[in-house]
There are 2 protein chains.
Amino acid sequence: MTAADRDALKRELVTLAMDMIARRCAVVGKNDLAAETRMARSRIDEVFPEEDDLFDAIVEHWYADDIATMEEVVASSLPIRRKFYEFFARRFVRERERYRKDPALFALYVQMGSEKFERVRGYIDLADHYLSELIAQAQDEGFFPDLTIDRALTLINQMVVCYVSPQLMLILEERLAEDKLAAIVDTMFAGLTGGDRGAAGVKGLRAISVQ
Amino acid sequence: MTAADRDALKRELVTLAMDMIARRCAVVGKNDLAAETRMARSRIDEVFPEEDDLFDAIVEHWYADDIATMEEVVASSLPIRRKFYEFFARRFVRERERYRKDPALFALYVQMGSEKFERVRGYIDLADHYLSELIAQAQDEGFFPDLTIDRALTLINQMVVCYVSPQLMLILEERLAEDKLAAIVDTMFAGLTGGDRGAAGVKGLRAISVQ
């Protein structure tokens, strides 16, 4: 096979595998693919040498649109606050569509991702990378003062986790809404700064020095 | 049995059931209790007429400290911002202890709670009730302006969900920390208000009226 042939066959097999997962609502492996397609096992092995290569290709397909979205938003000329909102909202709306279309299938994908989390982590790291770029842009404009990028990143990720976590989509979908996400983003822009502002209590008390 | 005897036996059986759950890392029912205690089934039935009554008693025990904590914090004379922090932090620290002591057991309780969520919901509603009281106190002091209590409630619950959701404890425990929770509470106090502030984009555009 040429590289182009292999890519085309790979796309075809990934689509087929995801159709099979949707139909059966069960994990699909290379054996299932071979049985379904009646294709020579050697052809499938050429595209997916290991079982995990099929899994990785499915994950890649699952996240492809998200990555395109994040790149588009980061590169856009929207005001920075709108960029933050769009960064989360566009992916959230697509995930919610997937969830609503077939909640059981969505739950299966969540479970598959949880079980092989180390193979999904790269995509989460990539989202962190793009979000860090947005944070740097926001800080250039004076938002999120007195915070390192990593600190702002972890706090922002935690505050919007409802709109990013597929596990929470399964539990909370009814309570999630774009206008709430917007209110949370606005709250971050108005209120997220470094320094202790009183919630955690009195800090840095010093012993009275005796002269 | 007198009511006092029944209460004492109930406490004893709940403690025993939870010990058994911890030992076996499996759900424990009335049959298991009867086998373990060699107690007459009729005595167990008197305390727990239905299978769900045992479950409810375990849930009640699980949440007892949390309810005491919430009542204490709401009634305290702490500054309002501190109250918010303590309201979440004290329960979070206790949950994290439970999780760290035995992650598999914690996961089992999360699963038990998810499967009978309608029997746990009352405790979540109670937490919402106490949080609503705190929000009213905060609004009296001028925080969270231009928001109904319910709207502030849903936004705050979403922003601190990492520190409240047992499902997220299972996934994110390493990334959770009291100082991050404090930063999120401070962010809410500084930035959570009603009204559109730009994240969601241009709203309320009107058609130009032709005179």
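No lab work stands behind these numbers, since they all come straight from the coordinates. Quantities reported herein were computed from a predicted structural model and do not represent experimental measurements. Because the Cβ atoms are built from the backbone with ideal geometry, glycine has one as well, and the counts that use them run over all protein chains shown.
Worth pointing out:
- Label-to-label distance, nm, for residues given as A:Thr2 and B:Cys25 (7 Å Cα→Cβ offset): 5.4
- For the residues of B:71-84, the average number of beta carbons from a partner chain within 10 Å of their own beta carbon is 1.
- Of the trypsin sites (Lys or Arg not before Pro) found in segment B:22-113, those in coil by DSSP whose Cβ has at most 14 other Cβ atoms within 10 Å are B:Arg38.
- For segment B:40-113, the list of GluC sites (Glu not before Pro) that fall in a loop by DSSP and count at most 10 other C-beta atoms within 10 angstrom reads B:Glu50.
- Calculated over chain B, the projected area of the Cα convex hull averaged across directions stands at 17.0 nm².
- Residue of B:Ala26, B:Ala104, B:Ala40 that the Gaussian network model of chain B assigns the largest fluctuation, springs spanning Cα pairs under 10 Å: B:Ala40
- Computed FRET value (nearest 0.05) for B:Asp45 with B:Glu133, which takes r as the C-beta separation and R₀ as 41 Å: 0.55
- Residue list for segment A:84-115, given a label point 7 angstrom along the Cα-to-Cβ vector of B:Leu170 and an amide N cut-off under 18 Å: A:104-115
- Alpha-carbon centroid distance for the pair segment B:134-179 / segment A:92-166, whole angstrom: 19
- Fraction of alpha-carbon pairs over 29 Å apart in the protein assembly as shown - percent: 57
- Looking at segment B:110-174, the GluC sites (Glu not before Pro) that sit in a DSSP loop and have at most 15 other Cβ atoms within 10 Å of their own Cβ are B:Glu141.
- Compared with the rule-of-thumb size 2.2 N^0.38 Å for a compact globular protein, segment B:93-211 has a Cα radius of gyration ratio of 1.40.
- Spacing of the modelled spin labels on B:Asp140 and B:Gln111, each 7 Å from Cα toward Cβ, amounts to 4.6 nm.
- Once the C-beta distance of B:Asp125 and A:Glu118 is scaled by a Förster radius of 30 Å, the resulting FRET efficiency is 0.20 to the nearest 0.05.
- Result for chain A in a Gaussian network model with C-alpha springs under 10 Å: among A:Ala17, A:Ala75, A:Ala200, the largest mean-square fluctuation is at A:Ala200.
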